[in-house]
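**Q** Below is a structure I'd like to ask you about.
The values are calculated or read from the model by the stated rules, or taken from the named source; none is laboratory data. Quantities reported herein were computed from a predicted structural model and do not represent experimental measurements. Counting neighbours? That spans all protein chains shown, and the Cβs are built from the backbone with ideal geometry, glycine included.
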Amino acid sequence: MIDVGRIEHEALAELDAASSLGELEAAEQEVLGKRSGLALAHRSLGSLDPEQRRVSGRELHEARLRLEQAFAEARRRLAAAERAQLLAEDTLDLSEGLVADPGLRRGHLHVVTQTRRALEDTFVGMGFSVAEGSEAETDWYNFEALNIPPAHPARGMFDTFYLELGEPETIMLRTHTSPVQIHLLEDAVAAGTLPVHAVIPGRCYRRDTPDARHLAVFHQIEGLVVDRGITFADLAGTIETFTGAYFGADIHSRFRPAYFPFTEPSAEFEITCTLCRGEGCRTCSGTGWIELGGCGMVDPAVLDAVGVDRSTWSGFAFGFGIDRCAQMRHGIADMRALVENDLRFLRQF
Amino acid sequence: MRAPLSWLKDFAPFDAPPAVLAETLDDLGLVVEGVEHIGEGLEGVVVARVDGIAAIAGADRIRKVTVDAGMGPQEIVCGATNFAVGDLVPLAPVGTTLPGGLTIGRRTMRGVTSDGMLCSGRELGLTDDHAGLLVIGPGEGIVPGVQLTEALGIVPDIVFDVTVEGNRPDAWCIAGVARDLAARLRLPYTGLPPAPPVPPVPSVPTAPPVPPLPTMSPVAPAPVGSLASLVVDDRDLCPRMTVRVLVDVDTGPSPTWLARRLVMAGMRPINRIVDASNYVMLELGQPTHPYDLDRLAGTGLVVRRARPAETVQTLDGVVRTLGTPGRSLGDRGEDCLICDAAGTPVGIGGIMGGTSSEITDATTRVLLEAAYFTPMAIARTSKRLGLRTEASIRFERGCDPWGIDRAAERFCELAGGTAAPGVLDVRGKVPDPIRLRLPLARVSSVLGIELAGDEVASLIGPIGFACNLEPREDDGGDTLVVTVPTNRPDVRPSPHGIEDVIEEVARTYGYSKLPRRQPSWPAPGRLTDRQRERRLVADVLCGMGIDEAWTPAFVSSADLSHAGLSGPAVRVANPLVSDEPFLRRTLLAGLCRAVAYNVDRRQEHVRLFELGTVFGTPREHPPQASELPIERELVSVALAGTGDDARSAVDVWCGLAGALGLDRRSMTLEADRTIPGLHPTRSARVVTSSGEVVGAVGEVDPEVARAFVPGLANGRRIGWLEADLGLLLDSSVVSRRPDLVLPVSRYPSADVDLALVVDEETPAGRVAEAIEDSGGELLESVHLFDVYRGGSVGQGRKSLAFRLRFCALDRTLTDEEVAACRSRVLEGVAASVNAVLR
């Protein structure tokens, strides 16, 4: 008679003693392997009489099945425990990475670059191309072709840095991006490629002592449209579309009369105060509006200067400060922060 | 310009609330920067007499002041010390709200209860003075308890601070602001009565004739022509001048109402004569100049060009040199000089009078000059002398040549004394009223609205533009004939003046009422390749952990010489900072300074780039068409982070070149000891296969780095990369990888490692090229993975270990094939760079 109960009991004791997958595997070999008590008992079945063989055989078979199942379960349990142990040892506090010195991070585009791109993209979306020009200019492009002849009082509006090149006061750093208008129109007339629909972003220079709201070197963007049948209404519509597209749908524009030598009629445009959204605050002096830029219909003297046929073509132009847009949007109290290059400033954008 | 409402009301009945008036002015382009309420908030403030001053125990900044404001003694705690017992001072009793919004409460300080506050001029909004109390001078009726406004004669008023654009000299006076405002509000514009007709005295340069005027009364003074003469030699500079003479004048103070208006408008009363001249200028926009007739050596005026180096002492005491051309474009040194009849200079026409004939207390006879000067000439002289005056600003914008008479008459009304009959009036070519034909179709094609002729006339008629409708013409449109008033020098003759008149139509119609329309056109908006790739350059550099900077365009000579560029630079004629007169030739100085700024603030990982313009002097050979400087757009990178050096700069260069699709084989790094500002043995020029230098890479010379960044830690280096963006992005200079993709093999690749010993002077890049040249099309990639010197390699030699990967598109390479490739490469490098297998 084979004591299957004892064999199974001893086998389970082996299983229980195993505390790792390795030990479990060894125990399994011991208990269920070729040399195990179970295997020996199985081999001894042949010496039993048929009835006992049948009974013991079935008992042995059932015991083997139970043991195999027990080992499978123990394997799962130990594997899970071992994984849990490994994972526990592997624990990482990810917030350390948040607060540690980050070392090399991404760089940051200057806030003026970001603003310029956003403005360019807005205008490109409205069908404008983007034109550029040189930063030093001749008197013709910076002033005279723009209807500002020498000694014109309007020159007082532009404190100019003159360069010691050529005759005195003939070469200067451009005081606005408007010289590019003249280049664009001259080129388009020469090449017969009118109309022109362009925005012109770029760096400008005025001999103003820098303060919280002004820099001697600054960035402007201006727009120029010369096409058939262009009216003041097109200008006002363009400014309104731009305002909504760039500043937000709840920001609107309004015009009031102004003077620029190169446009007639001329206007200054204001937009809904972006801080109080028109409610009235300190920034907008309680009016709900803030001044953004200047605009107008291209002056007939300018069109004549570049040889645009006024019986076919008319146009408008507008312009405003890129730095000023950045200042407004980000609440930069002092414009001079833009040129300090303090990383603590630059890395906020 | 400060415009008191009470003064504006002389011209039209403006009864609308001030806020509405301000808004209307804004909409007219006469932008109101501020509205000041004179006398508001002073209702409760009374005059108090100081009866006693006592110290407060334990306090050294405040004292106990006993005052009487008509209701017996009151104790006030006060911090000011500029008064004494017996003085009259303003008292704001408890409960008063001052102009600044401060409400006075009963406060106890150091055990003393204060029954109100004694006020400074600033606290009352009357003056800027906050150094002490406003001590009130004694005067009739000024007794304790009376209202401060009554004691000071303050009549509540409103002052609009109006900004007048440069093209609107007509609006730069009370009458002008009132004219625009009345027209918009459709109020009757009364104006001043036109000056009574004064028969002009024809004046000839040689002998001023006796005017044919009968004496008006037995005591009437002699006619002007017998008292003074007027000769105008240079009528191009002064197209019209008139002279009047007043006798028996009183140079005492002006009447209170007039002085008060001057103060409200921002001018200081001086004496009756000067005040009258200033008043007329503020009211009508016409500057005039009064001379003491008896201090003129020759009784009369001669107007002529200043001779070279002629001098005159102006009213501000400065001796001015005239008649000498300045630096300004087109300035030929033409100055309008006013001399007395004896030829002595007595003033600069239209800018400032001279000290020698200034009005004094002793003045009894006044010669009044009222003139029209050529605007451009005034602008040139004023700019060259750096002398901007109330008169010059108005004359250079353009006064009304036909408004002179009314202004002179107004002066005579206000100045007192007796006006000599007649006027001396010399005219050259005085601008006449402009007449324009304004097709109504043009109004609609500019403004996008349809306006009938009578609508246009009703808009601009009230501001002086006389309109007559011309019958319909053959071309189908109505036309208005517009006569432009002479006070509008901004309106040009035809054809450009048509737009000027249309602006007036728009302005009087109201910009806010004009229609809006979003235009459209078939051409798509887009960035150019250069603009897209410039963005890419910045984005790639950002991705490599480099922050964008914006550094100054103006540099000092030290900046340039530190950067190794002491050669010619473009100089600014009028720099803002005198020792930074040059335009930058490199971004090195700016970026190194930016590095220093951050190092000094203990910032880590300082890596900066900039995209910016540098300026070179104009090319001499071949000569340029103009004298413009040569501009180049550079991208420069300064790497001053931990471990940064020339190697990191090369990494950045590779990243950048890769992103731009630059073909590595089309560019080489050529070691160069002579790159300005860079480390002589750790820098190279970036050179294209055709020999064009597009940039430089390496390290900032340690001495240069120390000069710019004294705070740089020992052993730290600054990696440097600079490229000319124009060349870098020009596909005719730098060849790009083709757009077409290269197929990728599906078969396994085989690696071959080769340690090649070459001369120290042979650059690794050159060896890699030699490997590529001999590797054939099966060579997929070559990478350097180790450099070894010493040991068996030998003096003056180095061992470069390369990993070569071979692969075929259509099969797995056999060992024999790989071995053949290997020997071919070994033969190749032996031949071209004298390399041997280690």
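**Q** Look through the stretch A:300-326, keep the residues that are at the interface with chain B (Cβ under 10 Å from one of its Cβ atoms) and among the aliphatic types (A, V, I, L, M), and return whichever of them is surrounded by the fewest Cβ atoms within 10 Å (Cβ to Cβ).
**A** A:Ala301
**Q** Which residues, taken from the stretch A:253-274, are outside any strand (DSSP E or B), more than 7 Å from chain B (Cβ to nearest Cβ) and touching a residue at least 24 places away in the same chain (Cβ under 8 Å)?
**A** Once the filter is applied, which keeps residues that are outside any strand (DSSP E or B), more than 7 Å from chain B (Cβ to nearest Cβ) and touching a residue at least 24 places away in the same chain (Cβ under 8 Å), the stretch A:253-274 yields A:Pro261, A:Phe262, A:Thr274.
**Q** Could I ask something else about it? Within the stretch A:39-90, count every residue that is within 22 Å of A:Ala26 (Cα to Cα), of a type in the set (Gly, Ala, Ser) and surrounded by 15 or more Cβ atoms within 10 Å (Cβ to Cβ).
**A** Qualifying residue count for the region: 5.
**Q** Name the residue, out of A:Thr122, A:Thr175, that is under 16 Å from A:Arg207 (Cα atoms), more than 8 Å from chain B (Cβ to nearest Cβ) and either assigned to a loop (DSSP other than H, G, I, E, B) or not basic (Lys, Arg) (or both).
**A** A:Thr175
**Q** Scan the stretch B:497-516 and tell me whether some residue there is more than 14 Å from every other protein chain (Cβ to nearest Cβ) and at positive phi.
**A** no
**Q** Separate question: Would it be correct to say that B:Val484 is within 12 Å of chain A (Cβ to nearest Cβ) and β-branched (Val, Ile, Thr)?
**A** So B:Val484 fails the test.
**Q** Looking at B:Phe609, B:Phe615, can you tell me which residue is over 16 Å from A:Val339 (Cα atoms), of a type in the set (Phe, Trp, Tyr) and either in a strand (DSSP E or B) or more than 33 Å from the chain's Cα centre (by Cα) (or both)? Even if it seems obvious, please write down each step before you answer.
**A** Working: B:Phe609 fails: over 16 Å from A:Val339 (Cα atoms).
Within the list B:Phe609, B:Phe615, the selection yields B:Phe615.
**Q** Could you list, in sequence order, the residues of the stretch B:691-719 that are under 18 Å from B:Arg766 (Cβ atoms) and assigned to a loop (DSSP other than H, G, I, E, B)?
**A** The answer is B:Gly691, and nothing else.
**Q** Further, regarding this structure: If I ask for residues that are out of contact with any Phe, Trp or Tyr (no Cβ under 8 Å at 6 or more places or on another chain) and at pLDDT below 95, which ones from the stretch A:177-214 would you list?
**A** A:Asp208, A:Thr209, A:Pro210, A:Asp211, A:Ala212, A:Arg213, A:His214
**Q** Just name the residue that is modelled with the lowest pLDDT out of those in the stretch A:125-151 that are within 7 Å of another protein chain (Cβ to nearest Cβ) and part of a loop (DSSP other than H, G, I, E, B). Before you say what the answer is, go through the steps one by one.
**A** So the first thing to find is which residues in the stretch A:125-151 are within 7 Å of another protein chain (Cβ to nearest Cβ), and the list is A:125-130, A:134-136, A:138-139, A:150-151.
Then drop every residue that is not part of a loop (DSSP other than H, G, I, E, B), which leaves A:126-128, A:134-135, A:150-151.
Working: A:Met126: 97, A:Gly127: 97, A:Phe128: 98, A:Ser134: 97, A:Glu135: 98, A:Pro150: 82, A:Ala151: 75.
That would be A:Ala151.
**Q** Another question, if that's okay. Restricting the search to the stretch B:79-117, which residues are buried (at least 21 other Cβ atoms within 10 Å of the Cβ) and more than 17 Å from B:Gly39 (Cα to Cα)?
**A** B:Leu88, B:Ser114, B:Gly116, B:Met117, listed by residue number.
**Q** Let me ask you something else. Among the candidates A:Glu28, A:Glu23, which residue alone is under 26 Å from A:Ala79 (Cβ atoms), surrounded by 14 or more Cβ atoms within 10 Å (Cβ to Cβ) and touching an Asp or Glu at 6+ places or on another chain (Cβ under 9 Å)?
**A** A:Glu28
**Q** Could I ask something else about it? Does A:Thr160 satisfy the condition of being within 17 Å of A:Tyr259 (Cα to Cα) and part of a loop (DSSP other than H, G, I, E, B)?
**A** In short, no.
**Q** Given the criterion within 60 Å of the chain's Cα centre (by Cα), over 30 Å from B:Arg585 (Cα atoms) and surrounded by fewer than 17 Cβ atoms within 10 Å (Cβ to Cβ), identify the matching residue among B:Glu772, B:Glu761, B:Glu777, B:Glu703.
**A** The conditions single out B:Glu761.
**Q** Any idea which of B:Met352, B:Met281 is in contact with a Pro (Cβ under 8 Å, 6 or more places away or on another chain) and modelled with pLDDT of 95 or more?
**A** B:Met281
**Q** Related question: Exactly one condition in (1) more than 14 Å from every other protein chain (Cβ to nearest Cβ); (2) on the phi < 0 side of the Ramachandran plot; (3) surrounded by 15 or more Cβ atoms within 10 Å (Cβ to Cβ); (4) outside any helix (DSSP H, G or I) is not met by B:Gly52; state its number.
**A** (3)
**Q** Among the residues of the stretch B:55-74, which ones are more than 20 Å from B:Pro93 (Cβ to Cβ) and outside any loop (DSSP other than H, G, I, E, B)?
**A** Selection gives B:Ala55, B:Ile56, B:Ala59, B:Asp60, B:Arg61.
**Q** For the stretch B:376-391, which positions are more than 10 Å from chain A (Cβ to nearest Cβ) and either polar (S, T, N, Q) or assigned to a loop (DSSP other than H, G, I, E, B) (or both)?
**A** B:Gly386, B:Leu387, B:Thr389
**Q** For the stretch B:270-372, which fully contained strands (runs of 3 or more DSSP E) count at least 1 residues that are of a type in the set (A, V, I, L, M, F, W, C)?
**A** B:300-305, B:310-313, B:319-322, B:336-340, B:345-348, B:366-372
**Q** What's the number of the condition A:Val112 fails, among (1) surrounded by fewer than 19 Cβ atoms within 10 Å (Cβ to Cβ); (2) assigned to a helix (DSSP H, G or I); (3) at the interface with chain B (Cβ under 7 Å from one of its Cβ atoms)?
**A** Going through the list (1) surrounded by fewer than 19 Cβ atoms within 10 Å (Cβ to Cβ); (2) assigned to a helix (DSSP H, G or I); (3) at the interface with chain B (Cβ under 7 Å from one of its Cβ atoms), A:Val112 breaks only (1).
**Q** Identify the residue in the stretch B:227-255 that is aliphatic (A, V, I, L, M) and in contact with a Pro (Cβ under 6 Å, 6 or more places away or on another chain) and, among all such residues, is surrounded by the most Cβ atoms within 10 Å (Cβ to Cβ).
**A** Here the residue is B:Val231.
**Q** Here is a further query. Filtering the stretch B:1-23 down to residues that are within 11 Å of chain A (Cβ to nearest Cβ) and surrounded by fewer than 19 Cβ atoms within 10 Å (Cβ to Cβ), which residue is nearest to the chain's Cα centre (by Cα)?
**A** B:Glu23
**Q** Also, I was wondering about something else. Could you list all residues from the stretch B:10-49 that are without any contact (Cβ under 8 Å) to a residue 40 or more places away in the chain and assigned to a loop (DSSP other than H, G, I, E, B)?
**A** B:Asp15, B:Pro17
**Q** Using beta carbons and a limit of 7 Å, which pairs, at least six apart or on different chains, have the first residue in the stretch A:27-48 and under 17 Å from A:Arg6 (Cα atoms) and the second one outside any helix (DSSP H, G or I)?
**A** Correct list of pairs: A:Ala27/A:Ala18; A:Glu30/A:Ser36; A:Ala39/A:Gly33; A:Ala41/A:Ile2; A:Ser44/A:Ile2.
**Q** Now for a separate question. Given (1) part of a helix (DSSP H, G or I); (2) in contact (Cβ under 8 Å) with a residue 60 or more places away in the chain, identify the lone condition not met by B:Glu504.
**A** Answer for B:Glu504: the failing condition is (2).
**Q** Would you say A:Thr243 is under 29 Å from the mean Cα position of the chain (by Cα) and of a type in the set (Val, Ile, Thr)?
**A** On the way: under 29 Å from the mean Cα position of the chain (by Cα): yes; of a type in the set (Val, Ile, Thr): yes.
Yes.
**Q** I've got another one for you. Of all residues being assigned to a loop (DSSP other than H, G, I, E, B) and surrounded by 14 or more Cβ atoms within 10 Å (Cβ to Cβ) in the stretch A:327-341, which is nearest to the other protein chains (Cβ to nearest Cβ)? Just the residue, please.
**A** In this case the residue turns out to be A:Asn341.
**Q** Return only the number of the condition from (1) modelled with pLDDT of 95 or more; (2) over 26 Å from B:Cys336 (Cβ atoms) that B:Arg261 does not satisfy.
**A** (1)
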